[in-house]
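Participant: Once you've had a glance at the structure underneath, I'll fire off some questions.
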Amino acid sequence: VYVDVSGSTREYWNILSSLVRPYVERKLVRLFAFSEIVDEITPDQLRRGKFRTTGGTDGACVWTHACEVGFRKIVMLTDGYVGAPTRHWRTKLTQARLRIRVALTPEGYLPDLEPIAEEVVELPIPS
């Protein structure tokens with residue numbers, strides 16, 4: 001699970017940390033914060049906002065990391081402003097058979113991820 005740590009996703013960090021905690025504890029998933037770098041984190045670090053970040057957002061660091069680690073499926077929580085994957089990356093992601101699911105924040109930007117996402121779910125506005 002990759003979480004975009006730009007400001008627009010902040011209000012989802014607490015609920016997401018609660019949702020993924022049992023899966024992280026049972027080592028069924030790994031949790032990562034991404035900006036222009038990827039940082040493996042715990043649910044508590046996500047909840048508290050304690051992770052490395054560059055302040056920017058670039059999906060290429062996720063594609064690179066997921067392919068290097070050899071993941072077959074990933075989930076991304078993002079506002080969608082991650083930069084469209086280049087032709088090179090679209091080809092590489094297809095060859096890697098990486099299945100990408102996206103949890104998009106309300107009124108998020110879909111065009112960057114639409115060509116590579118297997119599924120997109122728009123999150124509700126937090127209450």
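The values are calculated or read from the model by the stated rules, or taken from the named source; none is laboratory data. This structure is a prediction, so every number in the text was calculated from the model and none was measured. In this analysis, Cβ positions are derived from the backbone assuming ideal geometry, glycine residues included, and neighbour counts consider all displayed protein chains. For accessibility, only protein heavy atoms count, side chains too; no ligands or nucleic acids. Shrake-Rupley method; radii C 1.70, N 1.55, O 1.52, S 1.80 Å.
Participant: Hey, rough spin-label estimate for K50 and S127, points 7 angstrom out along Cα→Cβ, what's it come to in nanometres?
Facilitator: A separation of 3.1 nm, rounded to one decimal place.
Participant: By how many nm would the segment from F71 to R99 lengthen if fully extended, with 0.36 nm per residue of separation less the alpha-carbon distance?
Facilitator: Numbers: separation 28, 0.36 × 28 = 10.08 nm, distance 0.87 nm.
Here the answer is 9.2 nm.
Participant: At 1.4 Å probe size, with the rest of the protein present, what percent of the exposed accessible area of the chain is carbon and sulfur atoms?
Facilitator: Details: 3620 of 7260 Å².
C and S fraction of accessible area: 50 percent.
Participant: Mind checking the per residue accessible area of the chain for me, 1.4 Å probe, whole number of Å²?
Facilitator: Values: 7260 Å² over 127 residues.
On a per-residue basis, the chain sits at 57 Å².
Participant: Over all alpha-carbon pairs of the chain, lay out the pair-distance distribution in 5 Å bins, whole %, shortest bin first.
Facilitator: 2, 11, 23, 26, 22, 12, 4, 1, 0
Participant: Sticking with this structure for a sec: What does the convex hull of the alpha-carbon atoms of segment 1-44 project to on average, in nm²?
Facilitator: Numbers: hull surface 11.2 nm².
Across all orientations, segment 1-44 yields a mean hull projection of 2.8 nm².
Participant: Please identify every one of the GluC sites (Glu not before Pro) in segment 18-127 that sits in a loop by DSSP and has no more than 16 other beta carbons within 10 Å of its own beta carbon.
Facilitator: Filter output for segment 18-127: E36, E107, E118.
Participant: Check the straight Cα-Cα distances from K92 and name the lysines below 22 Å, setting aside those fewer than 8 residues away within the same chain.
Facilitator: Within the straight-line cut-off, K92 pairs with K73.
Participant: If you don't mind, another one. Roughly what angle does helix 60-69 make with the longest principal axis of the chain, taking Cα atoms, 0 to 90 degrees, to the nearest 10?
Facilitator: Rounded to the nearest ten degrees, it is 90.
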